[in-house]
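The structure appears right after this line, and notes come after that.
The values are calculated or read from the model by the stated rules, or taken from the named source; none is laboratory data. Only a predicted model underlies this, so the values are computations on that prediction, with no experimental measurement involved. Every residue, glycine as well, gets a Cβ built from its backbone with ideal geometry; the counts of neighbours run over all protein chains shown.
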């Protein structure tokens, strides 16, 4: 609350200013505009007895190059091509490559923490499946609601997931057991389908908001500027549109929360053998 009060006059709201506790992200259309914002924030913090942590402050530019950004004392900020904000990795090139790799790495950390169960032959595959779905998979999918994933990203995630599931079953590719059978044993739906369900759940949540809500404004905003040469990058909107076409749902359907959930949710399969 203290920080909110100190910088209240500087808060422009998303997407220009993002403030969560003491984690701040300032976004500007030019280096000059960003330099001015930094100076204003430093001044406001200093007047209240606070200090900007230069070691934890980084500058990322989507166009690259340019002079270094300086604080009010002339100290240069660290320039970076990617940084982590609230658990998600943001990249200067606008892709989610680093975010996907980072979440896979986090999932493997959770996997290693759970090997006492996942690699124990005395534990049933049903239990292992539950551990994977409640501990490991959420770490891999954290923040994926906003990913404009490509086929390459889906392959990376699917490869990591299948490796984990096979090891949990005590199998390798040499055993020639199909992926579908592995998933049935572990009662786990394909991660591609879970990603789609998570994206659409978030889309429905946002589209039901008021047009003036920050998340709705961010989703519908148009970025100015010229398009560079080459094929356009895949946008999150494009991914969601494709998801809706695949499931035969429309934007209007999202206004009915219960209907939207029924039409877009992907449940993990139940193993018939374990229900007997």
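Test residue 140 against the criterion of being over 30 Å from residue 29 (Cβ atoms), part of a helix (DSSP H, G or I), under 16 Å from the mean Cα position of the chain (by Cα) and modelled with pLDDT of 95 or more, and give yes or no.
Yes: the conditions hold for residue 140.
Enumerate the pairs (first residue in region 154-165 and surrounded by 17 or more Cβ atoms within 10 Å (Cβ to Cβ); second residue anywhere and not in a helix (DSSP H, G or I)) with beta-carbon separation below 7 Å, excluding pairs fewer than 6 apart on the same chain, so at least 6 apart or on different chains.
Final answer for the pair search is 165/188.
Where in region 212-268 are the helices (runs of 4 or more DSSP H), entirely inside, with at least 3 residues that are modelled with pLDDT of 90 or more?
Counting at least 3 such residues, we get 236-247, 257-264.
So, residue 52, is that one closer than 18 Å to residue 83 by Cα and surrounded by 15 or more Cβ atoms within 10 Å (Cβ to Cβ) or not?
Against the criterion (closer than 18 Å to residue 83 by Cα and surrounded by 15 or more Cβ atoms within 10 Å (Cβ to Cβ)), residue 52 qualifies.
Please find, among 214, 190, 148, the residue that is assigned by TED's automatic domain parsing to the domain that holds residue 94 and within 15 Å of the chain's Cα centre (by Cα).
148
So residue 123 clears everything in (1) free of Cβ contacts under 8 Å to residues at least 40 places away in the same chain; (2) assigned by TED's automatic domain parsing to the domain that holds residue 184; (3) touching a strand residue (DSSP E or B) at 6+ places or on another chain (Cβ under 7 Å) except one condition, right? Which one?
In the conditions (1) free of Cβ contacts under 8 Å to residues at least 40 places away in the same chain; (2) assigned by TED's automatic domain parsing to the domain that holds residue 184; (3) touching a strand residue (DSSP E or B) at 6+ places or on another chain (Cβ under 7 Å), residue 123 misses (3) alone.
Residue 189 fails exactly one of the following numbered conditions: (1) farther than 22 Å from residue 135 by Cβ; (2) part of a loop (DSSP other than H, G, I, E, B). What is the number of that condition?
(1)
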